[in-house]
Structure formats: C-alpha cells, structure tokens
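Worksheet: one structure, shown below.
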Amino acid sequence: PVVFRARGLGKTYQAGDVPVLALRDVDLDIRRGEFLVLLGPSGSGKSTLLNIVGGLEVASAGTLFYEDHELTRADDAELTRYRREHVGFVFQFYNLIPSLTTWENVALVTDIVADPMPIDEALAQVDLLPRRDHFPAQLSGGEQQRVAIARAIVKRPQVLLCDEPTGALDYATGKRVLETIARVNATLGTTTVVITHNAAIAQMADRVVHLGDGRIQRIEVNAHKVDPS
Ligand code: ADP
Ligand code: ADP
C-alpha cells in the first residue's frame with residue numbers, strides 16, 4: 001500500500017523579490033515499509049522534499065496525500081499533530097539535552113504520544129542499552145546519533161525522516177548509523193526516507209530517488225538490496 005502520494009508537488013521560496021524554484025513537478029508514491037534514499041547535489045531540493053513530507057514546510061504547488069489525509073490542505077494545528085504522532089525526525093545535529101541521560105532523553109518524548117514503545121526496547125533497537133545511564137558528553141558522535149534515532153522511533157512513527165544523519169560523522173561511524181537506520185526499517189517496518197551522500201547506504205535502500213535542479217531525474221530500484229544485518 002501507498003503511504004505518501006505526491007503529484008505535481010512544488011515549492012517556490014521568495015528570496016527578496018527573486019523567486020527560487022526549490023522543487024518542481026514531483027510525482028512520487030512511497031509505499032508502506034519502504035526504505036527510500038534521496039540523492040543529489042547540494043541545492044537540488046532534497047531537504048525541501050523531506051520537510052514537506054514531514055509537515056515542516058508547506059508546498060506551494062501540487063498535492064501530497066498521507067494515507068487519505070491531504071497534507072497540502074492541512075492547517076498548522078493539523079500539521080503539528082501529524083508531526084508529533086506520525087513522524088520521527090533525525091537531523092545532522094543530535095539536539096540531545098546534555099543534562100539528561102540516554103534513557104531520559106528518549107523518555108522525554110514518550111509523554112506526548114499515545115502508544116510509545118518501552119524505552120529500553122527503543123534503546124535495544126539502536127544497540128544502546130549498555131549506555132542507558134550515560135550522559136551525551138560521555139557518548140561518541142555515532143552513539144549520540146543513535147540516541148536521536150531511539151528518540152525518533154520510541155513514538156512508533158509511521159515514517160522516519162532522516163536529513164543527512166551522518167553529516168557530522170566520519171565515514172565508518174556514519175556507516176554504522178546508517179546500518180542502524182536500515183535495521184530499524186527492516187525490523188519495525190517503519191517507512192524510511194534518508195538524505196545521504198553515502199554510497200553504501202544507497203545499496204541498502206529499496207529505491208534511490210535522484211534529484212537535480214528541484215526535479216526527480218530518475219528513480220533507481222534496488223533489485224538486490226543489501227541486508228543491513
Ligand atoms: P538540498 O537539500 O538538496 O541541498 P534544499 O532543498 O535545501 O536542497 O534547497 C533547494 C533550493 O531551495 C536551493 O536553491 C536553496 O537555496 C533554496 N532554499 C531552501 N530553503 C530556502 C529558504 N528558506 N529560502 C529561500 N531559498 C531556500
Ligand atoms: P510544535 O509546534 O509541536 O512545537 P515544532 O515545529 O517545534 O512543533 O516541531 C514539531 C516536531 O518536529 C517536533 O517533534 C520537533 O522535534 C521536530 N523538529 C522540527 N524541527 C526540528 C529541528 N530543526 N531539529 C529537531 N527537531 C525538529
């Protein structure tokens with residue numbers, strides 16, 4: 001089943017009196033449980049697309065459906081509720097609270113959702129149970145990012161959106177983080193969209209969407225997806 005259906009999706013930013021066409025004519029169906037990677041040069045519209053799907057930004061043209069909800073018609077209150085209850089976000093920077101432990105950083109989120117996962121289960125998904133009582137400063141960058149992944153999945157989101165989750169990490173550490181995301185996708189079945197420049201992760205994805213100049217240039221289907229385990 002299709003979870004997201006975009007048709008003619010577009011976004012124009014107004015930079016002074018110059019309009020910037022960040023995204024145009026995007027037609028895309030994302031299936032439940034699918035692992036999608038967005039690839040393309042800087043400025044090609046990857047973050048814009050991810051942010052529209054996540055309800056962080058509003059499209060200026062076209063339609064986007066999430067199941068039978070039209071996100072392109074939702075008001076601010078609906079988008080806030082959608083983000084809170086249905087979307088897990090992972091960004092380049094981890095945004096952990098330094099005075100809270102790993103466990104507490106993840107626990108913080110569980111107050112605002114109806115049916116959270118047990119916190120230890122979320123930590124086990126990212127192999128961080130042994131670090132549950134450590135503070136962010138006691139963790140490596142890769143471990144901090146895995147805490148951020150646990151925080152994103154503990155609310156059992158329908159979709160996990162990751163914007164350059166390895167942007168601040170070295171290649172080997174980044175690869176480990178991406179394997180964790182791929183494993184979450186495989187074991188929990190969470191629909192996952194990742195912006196990355198890492199070629200290794202593209203091999204773990206079901207499809208790679210190549211963006212250029214705000215448009216989808218081509219979509220690569222991975223017939224021989226690499227198993228993250
Ligand atoms: P990518 O994620 O592929 O680097 P973005 O989606 O961030 O690309 O940006 C696409 C285009 O939209 C770029 O030309 C960028 O400069 C422009 N853009 C993005 N956000 C804004 C904004 N808030 N205001 C004006 N232009 C923006
Ligand atoms: P609210 O109105 O509920 O406070 P926000 O606009 O603050 O909504 O964001 C909604 C969700 O998106 C939150 O769960 C927040 O964690 C996430 N989010 C949005 N932008 C960022 C960001 N730059 N870094 C981390 N999380 C973000």
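The values are calculated or read from the model by the stated rules, or taken from the named source; none is laboratory data. From a predicted model like this one, the values you see are computed outputs, not experimental measurements. Note: ideal-geometry Cβ built from the backbone for every residue, glycine included; neighbour counts use all protein chains shown.
For this structure, a couple of remarks:
- The lone exception for Asn222 - which of (1) away from ligand 2 (no atom under 16 Å from the Cβ); (2) of a type in the set (S, T, N, Q); (3) surrounded by 16 or more Cβ atoms within 10 Å (Cβ to Cβ) it fails: (3)
- Residue within segment 55-70 that is part of a strand (DSSP E or B), at pLDDT below 95 and more than 19 Å from the chain's Cα centre (by Cα) present: no
- Some residue of segment 147-164 being of a type outside the set (A, V, I, L, M), more than 14 Å from the chain's Cα centre (by Cα), under 19 Å from Asp29 (Cα atoms) and within 16 Å of ligand 1 (Cβ to nearest atom): no
- Residue identified as within 12 Å of ligand 1 (Cβ to nearest atom) and part of a loop (DSSP other than H, G, I, E, B) among Pro41, Pro19: Pro41
- Tabulated pairs, segment 136-151, first without any contact (Cβ under 8 Å) to a residue 60 or more places away in the chain and part of a helix (DSSP H, G or I), second surrounded by fewer than 18 Cβ atoms within 10 Å (Cβ to Cβ) and among the β-branched types (Val, Ile, Thr), C-beta under 7 angstrom, 6+ apart or interchain: Gly141/Thr173; Gly142/Thr173
Residue-by-condition table, conditions (1) crowded, with 19+ Cβ neighbours inside 10 Å; (2) over 16 Å from Pro157 (Cα atoms):
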position	(1), (2)
Leu23	yes, yes
Gly54	yes, no
Asp68	no, yes
Leu79	no, no
Glu85	no, no
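- The criterion of at least 3 residues that are under 23 Å from Tyr171 (Cβ atoms) and either in contact (Cβ under 8 Å) with a residue 12 or more places away in the chain or touching a Lys or Arg at 6+ places or on another chain (Cβ under 9 Å) (or both) is met, among strands (runs of 3 or more DSSP E) falling completely within segment 184-229, by 191-195, 207-212.
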